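What follows is a single structure, written as structure tokens, with notes after it.
The values are calculated or read from the model by the stated rules, or taken from the named source; none is laboratory data. Please read all numbers here as calculations on a predicted model, not as lab measurements. SASA here: full protein model, heavy atoms, side chains in, ligands and nucleic acids out. Shrake-Rupley method; radii C 1.70, N 1.55, O 1.52, S 1.80 Å.
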Amino acid sequence: MAGKGVTSGQAGAGRKAAASTPTTKGAKRAAHRPSRREVVVEAAMHLYSVRSIEDVTVADIAAEAHMTSAAVYYHYPSKDEVLLGGLRLYATGLLDEFRAQLLASPDAPLGDIIVRLLEWTDQHRPASLVFFVRSPGWSLSIEALRREVRLELLNLFSTELRVRNGISVKAKQAAAATALSSLLEVSVSSWLTEDATLANLGRRRFSDEVRELAADIGSV
């Protein structure tokens, strides 16, 4: 009957219009609240690096992150969980950087690798300060994380001492790896806090001393 039929062109146009129109379900997905966990962590690490952990509140973190306290609690149940989450991210980054440096410079002395890690901590200064200086002993969970990092550093140093320095005796590997791990931690702490040792030597001479100590350790 005339006037009631639908042409093929009209049907095609209708299908195109339907396909281009977002569904209600799709609109809800687009409006889903994006995660801002990294913003929270970055703000918290900055505050923890310049103030005592005990004094920092969730409200402080929220203000630094330019959000409400409720928004912080949406991602983390407490300020301690923010701290632990930030330290986990930092630990992963530190170990990834260490592995990358080892891979990029297979023939470099381990002292050079340690000095490069010192320089890397400058690029991540707030989180580095919190990990190496502010947070030790703060909680059992943080100490467990620190033990995990130390164990991985020991494993990496042990492997490199065998490959780069030719130390095949397991006991010597373990002793030298422990000494290098301690050298790294102590050096980073001095580097970041700019303590009396660093102030007296200056950064260049301090770096040279670290290289020499690492060489002595690796020659056992």
Using a 1.4 Å probe on heavy atoms of the protein chains only, the accessible area for ARG88 in Å², nearest 10, reads 130
For segment 171-176, in residue order, the Karplus 3J(HN,Hα) values (coefficients 6.51, -1.76, 1.60; θ = phi - 60°; whole Hz; Gly and Pro = x) are 5, 5, 4, 5, 5, 5
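Can you bin segment 124-220 into rounded, prolate or oblate? Criterion: square roots of the alpha carbon gyration tensor eigenvalues sorted a ≥ b ≥ c, rounded for a/c under 1.5, prolate for a/b above b/c, oblate for the rest.
Values: a/c = 2.82, a/b = 1.20, b/c = 2.36.
Judged from the Cα gyration tensor, segment 124-220 comes out oblate (a/c at least 1.5, b/c at or above a/b).
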By accessible area (1.4 Å), largest first, GLU212, GLU54, GLU160 order as GLU54, GLU212, GLU160
Once TYR74, TYR48 are ranked on solvent-accessible area with the largest value leading and a 1.4 Å probe, the list reads TYR74, TYR48
